[in-house]
Amino acid sequence: MPDTTKAEASSPSPAPRLSGLAPIAAPGAKLLVLGSFPSVASLQAQQYYAHPRNHFWPILSALWGLEGDQALSALPYAARLPIVHAHGLAIWDVYAGCEREGSLDSAIQNAQLNDLAGLIRRIPTLEAIAHNGGESSRHMKITQALGLPVYKLPSTSPANASWSFERKLAAWRAVFAAHRLARSVNN
């Protein structure tokens, strides 16, 4: 058995290298929402915003008037994607990969950026980019250089407990409405 010092024995193991998810992006998409990097729950499920307390899917449902068993969170993930496409939304993350323990953005290390410019070239109908949360929006200079309007939205993560669902929804509604992706509040 190799001899190890106490410091070596108690030093934390390096964070695992993780790879993100492929973009959800169909021809005709008008708005790209960029998160930072998938949570542990999302990586395990291979689904964007898989944590049950994340407000992403409930916010989209509210914006699109989907209630009850039609609400996105009530549908299987595969059934959500055609609805996302039909509404002109694309979803991806700023990071293609990183090292991270747990799900917090503050734990992300050695991140590698996704090829955002390549995705923009593949979807010439895109009108705007919206960053979902603070870590994603740290890269606004990069996305602004792509020549589209860029927005910073409040994070839908359960870690963003200082914003109520209603306050998040109002901020998201303003951006989605500006690009004709949200139903009118009066409908």
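The values are calculated or read from the model by the stated rules, or taken from the named source; none is laboratory data. In this text the structure is predicted, and so the values were computed from the model without any measurement. So basically every Cβ, Gly included, is an ideal-geometry build from the backbone, and we count neighbours across all protein chains shown.
Things worth noting here:
- Test result for ALA177, in contact with a Leu (Cβ under 9 Å, 6 or more places away or on another chain) and not in a loop (DSSP other than H, G, I, E, B): yes
- When segment 53-108 is filtered for residues that are over 16 Å from the mean Cα position of the chain (by Cα), of a type in the set (Gly, Ala, Ser), within 24 Å of VAL40 (Cβ to Cβ) and not in a loop (DSSP other than H, G, I, E, B), the ones remaining, listed by number, are ALA74, ALA78, ALA79, ALA107.
- Any hit, segment 7-20, residues being crowded, with 21+ Cβ neighbours inside 10 Å, closer than 20 Å to PHE176 by Cβ and at pLDDT 95 or above: no
- ALA182 over 22 Å from PRO38 (Cα atoms) and without any contact (Cβ under 8 Å) to a residue 12 or more places away in the chain: no
- Residues of segment 124-135 satisfying the condition of being on the phi < 0 side of the Ramachandran plot and within 18 Å of the chain's Cα centre (by Cα): LEU126, GLU127, ALA128, ILE129, ALA130, HIS131, ASN132, GLY134, GLU135
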